[in-house]
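Taking it in order: structure first as C-alpha cells, then the write-up.
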Amino acid sequence: MKNTVLDYALKIRLPLTLFVIVISFMLTFYISRAERDSVGYAPVQPIQFSHKLHAGTMSIDCQYCHTGVTKGRAALVPSVNICMNCHTIARKDRPEIIKLTTYYKEGKPIPWKRVHKVPEYAYFNHSVHVNKGIQCETCHGNVKAMDVIKQVKSFTMTACLDCHREPQKFLPYLTNVKKGPENCFACHR
C-alpha cells in the first residue's frame, strides 16, 4: 500500500505541483513586465507641468530646460530658476505658477519625481547620444503631445542593444549612422 501512495505522489502530485509553480512564475513574469520596465509610469508631480503646452504649442526646445543633455550623463531636471525666467511675468496668477513662485521665494528645489531612469548598474551618457544627432523622441516618445510625462519605451539592455545593432531601423532620420558599441564595458563600468 505504501508503494501506491509514493507512486501517486511522484507520478501525479509532484509533476502537477511543479507545473502550477512554473505556470505561476511565467504568468507573473509576463504580466508584470510593464511594471518592471516602467513602461507607462507617470507619477503625480508636485507641480502640474504640461510638456504638450511648453514643448509642443510653445515650441520650447528640450535643451532650454534640460540644460545638461549636451554636456554630460544626465539631462538634468530643470531648476525653479529656469521656470521663473518666464513665469516672473507670464501667467503669475495661475494656481500652479503660484506654487512655483513659492518654491522660488523660499529657495527650495521642486521635488520632481523622476520618470525615466536607467538602472543603477548601467552607464548611460545623454551627451554622446544627443551630440550624434539622436532626437529626444527616439527614447522618450512624443513628449510634445504629452500633458503628463510618462515612460513610453523600456530602458532595458535588450532595447539598447537593438538600437546599437540596427541603428538604421531606429534612427531613420540620421544618415551614415554607425552601429553603437556592444561590448559589456560600454554600459557596465
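Overview of values
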item	result
Charge dipole (the chain, unit charges on Cβ, about Cα centre) - positive-most of Ala159, Leu171, Gly107	Gly107
Entry for Cα extents along the principal axes in Å (calculated from the structure that is shown) out of [x] 63, 32, 28; [y] 89, 46, 30; [z] 53, 39, 32	[y]
Cα-centre dipole for segment 80-182 with unit charges at Cβ (Lys and Arg positive, Asp and Glu negative), debye to 20	180 debye
Under the span-like rule (Cα at least 27 Å along the axis, Kyte-Doolittle mean at least 0.5), DSSP H helices of the chain	none
Proximal lysines relative to Lys178, as straight alpha-carbon distance under 19 Å, when same-chain residues fewer than 8 apart are discounted	Lys132, Lys169
Exposure rule at most 12 other beta-carbon atoms within 10 Å, DSSP loop GluC sites (Glu not before Pro): the chain longest free segment	1-119
Charge dipole (debye, nearest 20) of segment 10-88; +1 at Cβ of Lys and Arg, -1 at Cβ of Asp and Glu	400 debye
Euclidean distance between Cα centres, segment 23-81 to segment 110-183, Å	11 Å
Segment Tyr173-Phe19, length gained on full extension (0.36 nm per residue, minus Cα span)	50.7 nm
13 Å Cα-Cα reach of Lys153 towards aspartates and glutamates, excluding residues that sit fewer than 8 places from it in its own chain	Glu35, Asp37, Glu137, Asp162
Label point distance in nm, Ser127-Lys71, each placed 7 Å from Cα along Cα→Cβ	0.9 nm
Förster-model FRET efficiency, 35 Å R0, Phe185 and Lys92, C-beta, rounded to 0.05	0.10
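All of the numbers you see were taken from the coordinates with simple rules; none came from a lab. Predicted model only: the values in this text are computed from it and were never measured. Using ideal geometry, Cβ is built from the backbone for each residue, glycine included, and neighbour counts are taken over all protein chains shown.
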